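Engineer: Sharing a structure below in structure tokens format, with a few things to ask.
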Amino acid sequence: MKNIYSNILKVNNNNLSKAINLLKEKELIGVPTETVYGLAANAYSSKSVKKIYFLKKRPLKNPLIIHYYNLKQLKKDVELNTNFFKLYKKFSPGPITFVLKKKKKSLISNVATAKLQTVAVRFPKNKILRKILNSLDFPLAIPSANKSSHISPVTAEDVAQEFKDSLKIILNDGPCKIGLESTVIDLTSRPKILRPGLVSPAAISKKLSRKIKVYHESKNIRAPGMLKRHYSPGIPIKLNQTKAKSNEAFIVFGKKYKKRKNIFNLSFKSSLNEAAKNLYRILRLVKNKNYKMIKVCSIPQTGIGLAINDRLNRAAK
Ligand code: AMP
Ligand code: MG
């Protein structure tokens, strides 16, 4: 595809240096991660982090995930515990975010943590982002690179579409490998999953040798992903449907569905991982085609299917 956005840059040493310098100057940049594309800022600088909230129109009470290169850097900011080490060893770097207690001496901006005494931290796997983190002496606050409540971006073009030329640089690493946000697990007391993702409750339960609950509703918004309405294409969505009219978009899963102009298949071969990767791309495509209604077939509620259904439920709110 021809690149019509001049702020989308391919990854080379020159562009990486530019990106790193912008972060040092407290600017925002668009970055790839293995989950979804993100908006990165210096997590130790409130000035820098405020720009994220402003650009995303994100409520200030929604804390951000802080991204680290390694444990050495993390130890300065949060209290680590046994459950953390067990999960870290098995799943990091990768699509899992840990909520931990913030140290008094932590340098993380209070704006980034919405003044909470806890911090959500992640070690991303994407090689380019890891290179960037390794070149900095501060961690990065990185939410998804979309306007608050919109569909998350899974390509550099999606980011450019969201923010036009407000960003100087969006580093292009092609489509995200996973395509859905990380699993978020609260480890500040009895472990509980705040947001489902690729790392499943079963895999976490196995590692911690105890049954882990998935936390659903909360009066206090502890997590942005827990806002009821989120990931929304701005079009009415009906879930668990078996058919759709020709003027409605029908998002389906599996090979029993015919190929038609208005039928969008998340995975013809019934792979939930492939469906996760296609979900936001297809929602965005359908939105851009100006359908007035989206219908979605039922999606198996296992593995990453939990995360897919979680996002669809919020998109449908
Ligand atoms: P996103 O906007 O996609 O980056 O999602 C951010 C996620 O960060 C939310 O879903 C929350 O689960 C999580 N989060 C960030 N900080 C905290 C915190 N201190 N406590 C609980 N969850 C948090
Ligand atoms: Mg988000």
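The values are calculated or read from the model by the stated rules, or taken from the named source; none is laboratory data. The model shown is predicted, which means the values in this text are computed figures rather than measured ones. Virtual Cβ from ideal backbone geometry, glycine too; neighbours counted across all protein chains shown. When the accessible area is computed, the model is the full protein with side chains, heavy atoms only, and any ligands, DNA or RNA have been set aside. Shrake-Rupley method; radii C 1.70, N 1.55, O 1.52, S 1.80 Å.
Engineer: How large is the convex hull of the C-alpha atoms of segment 1-121 per residue, in Å³?
Structural biologist: Convex hull volume per residue, Cα atoms: 132 Å³.
Engineer: Got a sec to turn the phi values of segment 78-88 into Karplus ³J(HN,Hα) couplings, 6.51 cos²θ - 1.76 cosθ + 1.60 with θ = phi - 60°, whole Hz, x for Gly and Pro?
Structural biologist: In residue order, the calculated couplings are 9, 7, 9, 9, 4, 4, 4, 4, 4, 6, 4 Hz.
Engineer: For the chain, what does the accessible surface come to per residue with a 1.4 Å probe? Please give it in Å². Provide the component values of the computation, followed by the final result.
Structural biologist: Values: 15300 Å² over 317 residues.
With the other protein chains kept in place, the chain gives 48 Å² per residue.
Engineer: Around Leu266, which amide H atoms from residues at least 5 apart in sequence, or from another chain, sit under 5 Å from its own amide H, with H modelled in the peptide plane?
Structural biologist: Those qualifying (amide H under 5 Å, at least 5 residues apart or on another chain) are Val252, Phe253, Gly254.
Engineer: Tell me, in nm to one decimal, what length is gained between Gln161 and Asn313 on full extension, where the rule is 0.36 nm per residue of separation less the Cα-Cα distance? Mind showing how you got there, number by number?
Structural biologist: Working: separation 152, 0.36 × 152 = 54.72 nm, distance 2.42 nm.
Difference between extended and current length: 52.3 nm.
Engineer: What accessible surface, in Å², does a 1.4 Å probe find on Val214, ignoring ligands, DNA and RNA and rounding to the nearest 10?
Structural biologist: Surface accessible to solvent at Val214 totals approximately 40 Å².
Engineer: Past the 24 angstrom mark, what percentage of all C-alpha to C-alpha distances in segment 105-223 do you count? Intermediate results must be reported in sequence, preceding the final value.
Structural biologist: On the way: 2804 of 7021 pairs.
Here the tail beyond 24 Å accounts for 40 percent of pairs.
Engineer: Name the residues whose placed amide hydrogens come within less than 5 Å of the amide hydrogen of Thr97, ignoring near sequence neighbours (fewer than 5 apart) on the same chain.
Structural biologist: Answer set, sorted by chain and number: Thr183, Val184, Ile185.
Engineer: Identify the chymotrypsin sites (Phe, Trp or Tyr not before Pro) of segment 1-106 meeting these criteria: DSSP loop state and at most 15 other C-beta atoms within 10 Å of the C-beta.
Structural biologist: On the way: sites: Tyr5, Tyr37, Tyr44, Tyr53, Phe54, Tyr68, Tyr69, Phe84, Phe85, Tyr88, Phe91, Phe98; in loops: Tyr5, Tyr37, Tyr44, Tyr68, Tyr69.
Counting only loop positions with at most 15 other Cβ atoms within 10 Å, none of the chymotrypsin sites (Phe, Trp or Tyr not before Pro) in segment 1-106 qualifies.
Engineer: Moving on to the next point. Placing +1 at every Lys and Arg Cβ and -1 at every Asp and Glu Cβ, with all other atoms neutral, what dipole size does segment 89-175 have around its Cα centre, in debye to the nearest 20?
Structural biologist: Its charge dipole is roughly 780 debye.
Engineer: For a quick check of understanding: with a 1.4 angstrom probe and all protein chains in place, what accessible area in square angstrom does Lys245 have, to the nearest ten?
Structural biologist: Accessible surface of Lys245 is approximately 130 Å².
Engineer: Compute the Cα gyration tensor for segment 1-69, then decide on rounded, prolate or oblate, letting a ≥ b ≥ c be the square roots of its eigenvalues: rounded whenever a/c is under 1.5, prolate when a/b is larger than b/c in the other cases, and oblate in all that remain. Walk me through the numbers on the way to the answer.
Structural biologist: Working: a/c = 1.83, a/b = 1.50, b/c = 1.22.
Verdict is prolate for segment 1-69.
Engineer: How much of the DSSP bridge set in the chain is antiparallel, in percent, rounded to the nearest 5? Walk me through the intermediate numbers first.
Structural biologist: Details: 17 of 39 bridges.
Among the beta bridges of the chain, antiparallel pairing accounts for roughly 45 percent.
Engineer: May I ask you to give the percent of accessible area on the chain that is carbon plus sulfur, with a probe radius of 1.4 Å?
Structural biologist: The nonpolar share, carbon plus sulfur, comes to 51 percent.
Engineer: HN-Hα J couplings of segment 240-247 from phi, Karplus 6.51/-1.76/1.60, θ = phi - 60°, integer Hz, Gly and Pro as x?
Structural biologist: Each residue's phi maps through the Karplus curve to give 6, 9, 10, 8, 9, 6, 5, 8 Hz.
Engineer: Also: In degrees between 0 and 90, to the nearest 10, how far off the longest principal axis of the chain does helix 272-288 point, with axes built from Cα atoms?
Structural biologist: 70
Engineer: Name the longest site-free stretch of the chain, where the excluded sites are GluC sites (Glu not before Pro) in a DSSP loop with no more than 12 other beta-carbon atoms within 10 Å.
Structural biologist: My reading of the result: 26-216 is the longest stretch.
Engineer: Mind telling me which of Lys51, Lys206, Lys26 comes out most flexible in a GNM of the chain, alpha-carbon contacts under 10 Å?
Structural biologist: Comparing Lys51, Lys206, Lys26 in a Gaussian network model of the chain, the most mobile one is Lys206.
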